[in-house]
Amino acid sequence: MNLNQLLKPNKICIVGASERTGFGGDTCRNILTYMDPSRVFFVNPKRDTVFGIKAYPDMASIPGSFDLVVICTPAHTVEGLLREAAAKGAHGAVVYASGYKEIGTPEGLAAQQSLVRLCNELDIALMGPNCAGFVNYIDRVYPFAFLSEERDRRGSIGFVSQSGQLCLSLMDSPDIRFSYSISSGNCAVTEMEDYISFLVDDEDTKVVAVYLEGVRNPTKLADALRRAALKRKPIVILKAGRSEKGGRLAASHTGSLAGADRIFDALFAKFGVIRVNDLEELRYTAQLFSVLPKLPACPTFASMNLSGGETGICADVGELCGIVYPDFAPETLQKLRDLLPGYASPANPLDMTATLSYDTEGYAAALRAVMGDPNVGMVVAGYTLLQKIADPAIEYMAAAMEIVSRDPDCKPMAMLPFVGNTRNAEYSAKLEACGVAMLPPPCYGLRILRYLADFVAYDPSQYDLSLAIPDRPHTGKRYALNEHAGKQFVATFGIPVPQEDIACSSEQAVDIAERVGYPVVMKIDSPDILHKSDCGCVQLDLKHPEAVAKAYDRILQNAQTHHPDAQIGGVLVQHMVPWGTEMILGVSSDPSFGPAVLVGLGGVFVEIFKDTALALAPLSREEARQMIDRLKGSVLLKGYRGNAPLDTEALIDALLSVSQLATEHKDALLELDLNPLFVYEKGVCSADAVVVTDAPLS
């Protein structure tokens, strides 16, 4: 389907046009306020005119053709009207009506399925149903059902939302400017992924902002995110569902730690998507990217303030938000000493004192001095801009910023207030016109700058921008390999495992122990007993034949006591590898986005500290390295308190092997745990393996 006829129509038809309050009337009010009436046809069989514009009794009476039909009438009329619109050449439709899938009844679901079939038959790209329409600010197309303050909102933010009210909330926010604002509704025909893809490719859209509740087409979404990453076009997403209640039963630690929301975090991290926490962050983050003429060359900031109190706030909140304030270079410090009063102490964050704020040339010189520092990527001017100007400092500061903004080597600038006073519209407009972004107060503003820093630091060439999305849905069945089979399986992908074998008698256990070498570990071999130590089915550090024989009998007895119905294959006898630093490597398969690979502190620590990192397969080597570096426990790998550094490269190799395994078995693998995986000064070894699939492995 061609979204241009939906989102960039030449002529549109409003069915149900009215002068009454409501979707039909308010859509007409919006259209007559913002659009050329010659591009619009009104249809109302009970009226000759609507707001003085000719109204046609039906679509067949309209002369010529149109591209888009906007249906403001109830659900039972929609399908017949779509057929009429198609006969007039329309291939785009907006349907406001509710009563479809969103009501949760069989009738509503059937109505939506019928609507989808019809649109596919007629080749109509339909927005909705149960939506509020959209605005194309670039081409002045306004089929939107909610009224808002009349003003020019034309800009470069493309916003798409599964909530019409959130569209209105952003439209009502002062100063924000859009290329498109799209209320997608049920996404029955044209999906969220289609709108995101459209905005990624749209040359008038500088930044894509999204309120997302769910994903229907993961392949299409991943493709759009990949293209945005390669274009370096920022996508800012407010994803609902962080507080997902409940959990799912999982046989592995990885399965219980890789919740659905963490999968979205992993998805967004792979493609450099900025995830925000609420609508305020969405608004200001998108606005920041739309206003800045260019991105910082490096993800560092200089904070320039007029008082010590403001400087202290920037330092403290900046550290909480992960902002990097580099030390000024010696030459920068000298320039600032020459410019500032003798009682000022140059540093970053900088307390300039208020002196230069009343001196346009002096403030411009200070800006240039800081911008000239090679360690600084962006300058943040601290100042609370009030609605009513009492102190004239802003006049001099704004003039200085405008002068400096014309310098060819000018670095990005933003203004940070310290309380949430209403901004002065005149100066906000002046500053944004010269590329100075207006931020909210520090707890919001500095977190938004951290999002900017993360985007600047993101390098798509360091990531594998593909996903191992399954080719078929999971069967719902679960098959667990026994530990020995699981180890043999992972060993085929190059992951080191101990020497071991299965014993079916105490005598055989002793023979195996002699062959693999003492000391040995013995465990029950059963696909039904995955957490063996909990029921006494693991015996450690066995050093002679008598201990091995007794352990064999004890393990079988404990297994029969605690799991009388379990399938028993024997007792696993393995060489007890030297103790090392315990890590966990794992996989949990998401039905939409495929296998997610996990790394973290292993053994019992995975349950206690939950210090893990998650990424979607397949991984690049740099992704694997970043995952390990994100762990708080990564310090243990680097030689903590005089200990020798451990073999991080071997751990990365093992992580990449797990990624390859997960990718090749994306359709069958449900969960995988290698816990503990011992990391040594040289090499790694997996002492255990849990493998769960939805079909027997071939």
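Laboratory data are not the source of any read-out in this text; all were calculated from the coordinates shown. Predicted model, so just to flag it, every value in this text is computed and none were measured. Here the Cβ positions follow ideal geometry from the backbone for every residue, glycine too, while neighbour counts run over all protein chains shown.
Measuring r between the beta carbons of Glu426 and Gln334 and using R0 = 35 Å, the FRET efficiency lands at 0.45. By the rule of a C-alpha distance below 16 Å, with chain neighbours fewer than 8 residues away ignored, the lysines paired with Lys682 are Lys638. Counting lysine pairs in region 469-617 that sit 8 or more residues apart in sequence, or on different chains, and whose Cα atoms lie under 17 Å apart gives 5.
Would you mind calculating the relative contact order of the chain from Cα pairs under 8 angstrom and at least 6 residues apart, reporting the percent as a whole number?
9 percent
On the basis of the beta-carbon distance and an R0 of 22 Å, Ala87 and Phe51 show a calculated FRET efficiency of 0.25. Under 20 Å from a point 7 Å along the Cα-to-Cβ line of Gln165: which residues of region 95-113 have their amide N that close? Answer for this model: 96-104. Computed over the chain, the alpha-carbon pair-distance distribution with 10 angstrom bins reads 3, 13, 18, 18, 17, 14, 10, 5, 2, 0, 0, each value a whole percent. Applying both filters, DSSP loop and at most 13 other Cβ atoms within 10 Å, to the GluC sites (Glu not before Pro) of region 96-161 gives Glu149, Glu150. Available extension along the chain between Asp629 and Ala644 is 3.6 nm, counting 0.36 nm per residue and deducting the alpha carbon span. Modelled spin-label separation between Arg20 and Asp278, with each label point placed 7 Å from Cα along the Cα-to-Cβ direction: 3.8 nm.
For region 503-600, applying the loop criterion from DSSP together with a ceiling of 16 other beta carbons within 10 Å to the chymotrypsin sites (Phe, Trp or Tyr not before Pro) yields Trp579. Inter-label distance, Asp175 to Leu386: 1.7 nm, where each label sits 7 Å from its Cα along the C-beta direction.
Are there chymotrypsin sites (Phe, Trp or Tyr not before Pro) in region 399-448 that DSSP marks as loop and that have at most 13 other Cβ atoms within 10 Å, and which are they? Qualifying residues, ordered by number: none.
Under Stokes-Einstein, with the Kirkwood radius over Cα pairs standing in for Rh, what whole-number D in µm²/s applies to region 556-684 at 25 °C and 0.890 mPa s? Intermediate values should be presented prior to the final figure.
Working: Rh = 16.0 Å.
Answer from the Stokes-Einstein relation: 153 µm²/s.
Charges on Cβ only, +1 for Lys and Arg, -1 for Asp and Glu, centred on the Cα centroid of the chain; of Ile568, Asn186, Leu279, which one is farthest towards the dipole's positive end? So the residue we want is Asn186.
Coupling constants for region 669-685 follow from the phi torsions by the Karplus curve (6.51 cos²θ - 1.76 cosθ + 1.60, θ = phi - 60°), and in residue order they are 6, 9, 8, 8, 10, 10, 8, x, 9, 7, 10, 10, 4, 9, x, 9, 8 Hz; glycine and proline get x.
Using the Cβ-Cβ distance between Tyr479 and Glu546 with R0 = 41 Å, the FRET efficiency computed as 1/(1 + (r/R0)^6) comes to roughly 0.65. Extension gain for Asp501 to Asp152 (0.36 nm times residue separation, less C-alpha to C-alpha distance): 118.1 nm. In this label model, Asp201 and Asp261 are separated by 3.4 nm, measuring between points 7 Å along each Cα→Cβ vector. Pairs of Cα atoms nearer than 8 Å and 6+ residues apart set the relative contact order; for region 11-67 it is 35 percent.
Dividing the helix sum by the residues of the chain, where each DSSP H run of 4 or more adds -39500 (n - 2.57), gives a mean residue ellipticity at 222 nm of -11000 deg cm²/dmol.
Under 13 Å of direct C-alpha separation, and excluding same-chain neighbours fewer than eight residues apart, Lys239 reaches these aspartates and glutamates: Glu213, Asp261, Asp265, Asp278, Glu281.
Calculate log10 I(q)/I(0) of region 348-481 for q = 0.10, 0.19, 0.22 Å⁻¹, where I(q) comes from the Debye formula with a single equal point scatterer on each Cα and nothing for solvent. Debye curve over Cα of region 348-481, log10 I(q)/I(0) at q = 0.10, 0.19, 0.22 Å⁻¹: -0.44, -1.17, -1.47.
Checked against a 18 Å cut-off, the cross-linked pairs Lys206/Lys294; Lys11/Lys206; Lys46/Lys88 give Cα-Cα distances beyond that limit for Lys11/Lys206; Lys46/Lys88. Computed over region 613-698, relative contact order equals 26 percent, with contacts defined as Cα pairs under 8 Å that lie 6+ residues apart. Shape call for region 298-347 from the C-alpha gyration tensor, a ≥ b ≥ c root eigenvalues: rounded (a/c under 1.5), prolate (a/b greater than b/c) or oblate? Judged from the Cα gyration tensor, region 298-347 comes out oblate (a/c at least 1.5, b/c at or above a/b). A straight Cα-to-Cα reach below 20 Å connects Lys54 with the aspartates and glutamates Glu19, Asp26, Asp36, Asp67, Glu84, residues fewer than 8 places away in its own chain not being considered. Can you give the % of DSSP beta bridges in region 68-173 that are antiparallel, to the nearest 5? The antiparallel fraction comes to roughly 20 percent.
Summing +1 for each Lys or Arg and -1 for each Asp or Glu, what net charge is found among the other residues whose Cβ lies under 12 Å from the Cβ of Leu656?
Details: positive: Arg621, Arg625; negative: Asp464, Glu622, Glu623, Glu649, Asp653.
It works out to a net charge of -3.
With all pairs of different C-alpha atoms in the average, the Kirkwood value for the hydrodynamic radius of region 46-185 is 16.2 Å.
Which of the residue pairs Lys8/Lys411; Lys8/Lys233; Lys335/Lys411; Lys220/Lys632 have a Cα-Cα distance greater than 27 Å in the structure shown? Violating the 27 Å Cα-Cα cut-off are Lys8/Lys411; Lys220/Lys632. Once backbone amide H atoms are built at 1.01 Å from N, Leu616 has Val597 as its partners under 5 Å, excluding neighbours fewer than 5 places away on the same chain.
Given the Cα-Cα distance of Lys610 and Ala347 and 0.36 nm per residue of separation, how much length would full extension add, in nm? Show your work: numbers first, answer last.
On the way: separation 263, 0.36 × 263 = 94.68 nm, distance 3.84 nm.
This chain segment gains 90.8 nm when fully extended.
What does the convex hull of the alpha-carbon atoms of region 442-505 project to on average, in nm²?
Numbers: hull surface 41.5 nm².
In nm², the orientation-averaged hull projection of region 442-505 is 10.4.
Here the Karplus curve 6.51 cos²θ - 1.76 cosθ + 1.60, taken at θ = phi - 60°, turns the phi angles of region 368-374 into couplings of 5, 4, 6, 5, x, 6, x Hz, with x standing for Gly and Pro.
Among DSSP bridges having both ends in the chain, what percentage is antiparallel? Round to the nearest 5. Don't skip to the answer; put the middle values down first.
Working: 50 of 99 bridges.
Of all bridge pairs located within the chain, approximately 50 percent are antiparallel.
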